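Visitor: Quick one: the structure is below, and I'll ask about it shortly.
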There are 2 protein chains.
Amino acid sequence: MRLLLDMDGVIADFEAGFLSHWRREHPEKPFIPLEERNTFFIVDQYPDDKDLVRAIISAPGFFRTLEPIPGSIEAIRQLEEFHLELFICTSPLTNYRNCVLEKYEWVEEYLGADWVGRIIMTDDKTVVRADFIIDDKPEIKGVEKPSWKHIIYDLPKNRSEKTKPRIDWRNWKEVMLSLGMIRIE
Amino acid sequence: MRLLLDMDGVIADFEAGFLSHWRREHPEKPFIPLEERNTFFIVDQYPDDKDLVRAIISAPGFFRTLEPIPGSIEAIRQLEEFHLELFICTSPLTNYRNCVLEKYEWVEEYLGADWVGRIIMTDDKTVVRADFIIDDKPEIKGVEKPSWKHIIYDLPKNRSEKTKPRIDWRNWKEVMLSLGMIRIE
């Protein structure tokens, strides 16, 4: 049983990190509270300030200083006990210059050096073979019909997607049990 | 038809790059000529100087300044005309700090921004679904029975492997025709 874990929005708290930078760097501008974020890409909800948004998320240190999604690291530590094959499957920004290395460093800091070898960095996740992927993107496209089943990591911004199973780091054990991903003996 | 291209030793001239640094930085030490390189990992052929070897290949700029393998870029440009699905599938060094970003920058410089989106960076290539991989490593191991057929990119260091088909950027068209990877209409 192989499980791919997306990074931004699933393990690393991209949305909270962005909002914190935005409010600090542009205190005079309106902001979208986390619960009201309803587009997958942040720029689409800041249509008049796309370049300012892009400047924040592609700046040196942005990815490196993201906080873990609450509960994610603890859940992954427990998941390791279930002997799933776990990989992190993450896509870089188009402006890749800072995020690529910072994602590696982040994984080493929060999950340890062993986990660096479990990073799969790819724009196209459909070519990676696995049984499941946990990802906050409503629809994952690429060149291939995916081998994995997509479980949505539940966030306000992806709730328009109504058909796929949902998970978060509070209910993960129940969801994984119900999908047959783990078994309690 | 999806083809994965390994990067070091197949597109980027890792061996020539190392040798040039080695001779410049350690002119007093013996060196292994390219034709006599017979271990997959360089350190194994410099057993008394492993740390010096590692210092070179993990230094800032090492990957960024590698030359393309002669003929590789031209061959890839021709390969694009055959409408194969092409991806670059490359593993970072364990000491990933410099190579990760530099590999992305290298691909952008030599193949263009479009190709950055075709990079799959992973320690485990067996989980990537494809029809073929061209890789200079004699045996590619990982968690999965690979879906791809392995074609060895011919280098002196991998000639002890006798069973797999071999290719280089001089004979690639003949080899690919004979394996049914391309067709001339």
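Visitor: Could you work out how far apart the two model spin labels at B:Glu28 and A:Asn95 are, taking each label as a point 7 Å from the Cα in the direction of the beta carbon, and quote it in nm?
Guide: The modelled label-to-label distance comes out at 4.8 nm.
Visitor: Taking the Cβ of each residue in B:Phe14, A:Phe41, A:Phe82 as the centre, tally the other Cβ atoms inside 10 Å and list the residues starting with the fewest.
Guide: With the fewest neighbours first, B:Phe14, A:Phe41, A:Phe82 line up as A:Phe41, A:Phe82, B:Phe14.
Visitor: In segment B:1-71, which GluC sites (Glu not before Pro) fall in coil by DSSP and have 11 or fewer other Cβ atoms within 10 Å?
Guide: Loop-located and lightly packed - B:Glu28.
Visitor: Let me ask you something else. Per q in 0.09, 0.13, 0.18 1/Å, what log10 I(q)/I(0) does a Debye calculation on the alpha-carbon atoms of chain A return?
Guide: So the normalised log intensities work out to -0.32, -0.68, -1.31.
Visitor: For chain B, build the charge dipole from Cβ charges (+1 Lys, Arg; -1 Asp, Glu) around the Cα centre, then report which of B:Val100, B:Tyr46, B:Leu177 sits farthest towards its positive end.
Guide: Of the listed residues, the answer is B:Leu177.
Visitor: For every other residue with a beta carbon closer than 13 angstrom to the beta carbon of B:Glu105, add +1 if it is Lys or Arg and -1 if Asp or Glu, then tell me the sum.
Guide: Residues near B:Glu105 contribute 0 overall.
Visitor: What is the calculated FRET efficiency for B:Glu80 to A:Glu35, with r their C-beta to C-beta distance and R₀ = 41 Å, to the nearest 0.05?
Guide: E(calc), rounded to 0.05, equals 0.35.
Visitor: Continuing with the same structure: As an exercise, find the ratio Rg/Rh for segment B:82-127 from alpha-carbon atoms, using the Kirkwood inverse-distance average for Rh.
Guide: 1.00
Visitor: Magnitude of the Cβ-charge dipole of segment B:14-57, K/R +1 and D/E -1, about the Cα centre, nearest 20 debye? Provide the component values of the computation, followed by the final result.
Guide: On the way: 6 positive and 9 negative charges, 27 e Å.
It works out to roughly 120 debye.
Visitor: Another one. How many nm separate the modelled label positions at B:Glu139 and B:Leu179, each set 7 Å beyond the Cα in the direction of the Cβ?
Guide: Distance between the two pseudo-spin positions: 1.9 nm.
Visitor: Kindly give Rg over Rh for segment A:12-112, based on alpha-carbon atoms, with the Kirkwood expression for the hydrodynamic radius.
Guide: 1.01
Visitor: Please report, largest first and rounded to whole Å, the three semi-axes of the ellipsoid equivalent to segment B:92-185, where each semi-axis is the square root of five times an eigenvalue of the C-alpha gyration tensor.
Guide: Its equivalent ellipsoid spans semi-axes of 24, 18, 14 Å.
Visitor: So how do B:Glu108, B:Glu74 line up by other beta-carbon neighbours within 10 Å, fewest first?
Guide: B:Glu74, B:Glu108
Visitor: Between copies, how far does the label point of A:Arg97 sit from its twins, in nm, shortest first, when each point is 7 Å from Cα along Cα→Cβ?
Guide: Sorted ascending, the copy-to-copy spacings read 2.1 nm.
Visitor: How charged is the neighbourhood of B:Asp8? Take every other residue with its Cβ under 9 Å from the Cβ of B:Asp8, and add Lys/Arg as +1 and Asp/Glu as -1. List each step's numbers first, then the result.
Guide: Values: positive: B:Lys103; negative: B:Asp6, B:Asp13, B:Glu15, B:Asp136.
Here the charged neighbours net out to -3.
Visitor: Another one. Between the helical axis of B:99-111 and the dominant principal axis of chain B, each derived from Cα atoms, what acute angle in degrees is found, rounded to the nearest 10?
Guide: Long axis of B:99-111 versus the principal axis of chain B: about 50 degrees.
Visitor: If neighbour count is taken as other Cβ atoms inside 10 Å, put A:Arg24, A:Arg159 in order from fewest to most.
Guide: If I rank by nearby Cβ atoms, fewest first, I get A:Arg24, A:Arg159.
Visitor: Can you list, shortest first and in nm, the gaps between the label point of A:His26 and those of its counterparts in the other copies, using a point 7 Å from Cα in the C-beta direction?
Guide: Distances to the matching label points in the other copies: 5.2 nm.
Visitor: In the protein assembly as shown, if every C-alpha pair distance is counted and binned at 10 Å from zero, what percent goes to each bin?
Guide: Bins of 10 Å from zero give 5, 22, 30, 24, 14, 5, 0 percent of pairs.
Visitor: Still on this structure, please answer the following. Let's test the formula: R0 of 56 Å, r as the Cβ-Cβ distance of A:Asp131 and B:Lys50. What FRET efficiency results, to the nearest 0.05?
Guide: After rounding, the FRET efficiency stands at 0.90.
Visitor: Starting from a label point 7 Å past Cα on the Cβ side, list the distances from A:Ser178 to the same position in the other copies, nm, shortest first.
Guide: Here the equivalent label points are 5.6 nm apart from this one.
Visitor: Using only the alpha carbons of segment A:14-57, determine the length spanned along each of the three principal axes and report them from longest to shortest in whole angstroms.
Guide: Taking the Cα atoms of segment A:14-57, the three principal extents are 22, 19, 17 Å.
Bear in mind that the values in this text are calculations on the coordinates, not laboratory data. All figures in this text were calculated on a predicted structure; none of them were measured in a lab. Note that we place each Cβ from the backbone using ideal geometry, even for glycine, and neighbour counts take in every protein chain shown.
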